[in-house]
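Working notes, beginning with the structure itself.
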C-alpha cells in the first residue's frame with residue numbers, strides 16, 4: 001500500500017491538487033503495478049512563513065524578488 005506525502009506551499013487550486021493526485025496515482029500503478037484503491041496520497045499545504053530555503057523564509061524570499 002503506497003503512501004505518498006506531498007508538502008507544498010499554500011496556493012494550489014483544488015483542480016491542481018486533484019491533477020497531482022491523479023498523476024501520482026497513475027505513476028504508481030504504471031511503475032509499481034499497484035491497484036488504485038491501494039494508493040494513498042496526502043497533500044499538506046504549508047504557509048509561506050513556515051517554509052524556508054536559501055537561508056530565508058519563503059515569504060521573505062518572495063518579497064525580495066519583487
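The values are calculated or read from the model by the stated rules, or taken from the named source; none is laboratory data. This one's a predicted model, so the numbers in the text were calculated from it and none came from an experiment. Heads up, the Cβs are rebuilt from the backbone with ideal geometry, glycines too, and the neighbour counts pull from every protein chain shown.
Overview of values
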read-out: Some residue of segment 31-41 being in contact with a strand residue (DSSP E or B) (Cβ under 6 Å, 6 or more places away or on another chain) and closer than 19 Å to residue 5 by Cβ; value: yes
read-out: Residue count, segment 47-66 (criterion: touching a strand residue (DSSP E or B) at 6+ places or on another chain (Cβ under 7 Å), part of a helix (DSSP H, G or I) and either over 24 Å from residue 20 (Cβ atoms) or touching a residue at least 40 places away in the same chain (Cβ under 8 Å) (or both)); value: 1
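Here is a yes/no grid of residues against (1) over 17 Å from residue 62 (Cβ atoms); (2) touching a residue at least 60 places away in the same chain (Cβ under 8 Å); (3) part of a loop (DSSP other than H, G, I, E, B); (4) over 15 Å from the mean Cα position of the chain (by Cα):
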{"position": "6", "(1), (2), (3), (4)": "yes, no, no, no"}
{"position": "16", "(1), (2), (3), (4)": "yes, no, no, no"}
{"position": "19", "(1), (2), (3), (4)": "yes, no, no, no"}
{"position": "26", "(1), (2), (3), (4)": "yes, no, no, yes"}
{"position": "29", "(1), (2), (3), (4)": "yes, no, no, yes"}
{"position": "34", "(1), (2), (3), (4)": "yes, no, yes, yes"}
{"position": "41", "(1), (2), (3), (4)": "yes, no, no, no"}
{"position": "45", "(1), (2), (3), (4)": "no, no, no, no"}
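The rows are residues; the columns are (1) surrounded by 12 or more Cβ atoms within 10 Å (Cβ to Cβ); (2) at pLDDT below 95.
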position: 5; (1), (2): no, no
position: 8; (1), (2): yes, no
position: 27; (1), (2): yes, no
position: 32; (1), (2): no, no
position: 39; (1), (2): yes, no
position: 42; (1), (2): no, no
position: 46; (1), (2): yes, no
position: 62; (1), (2): yes, yes
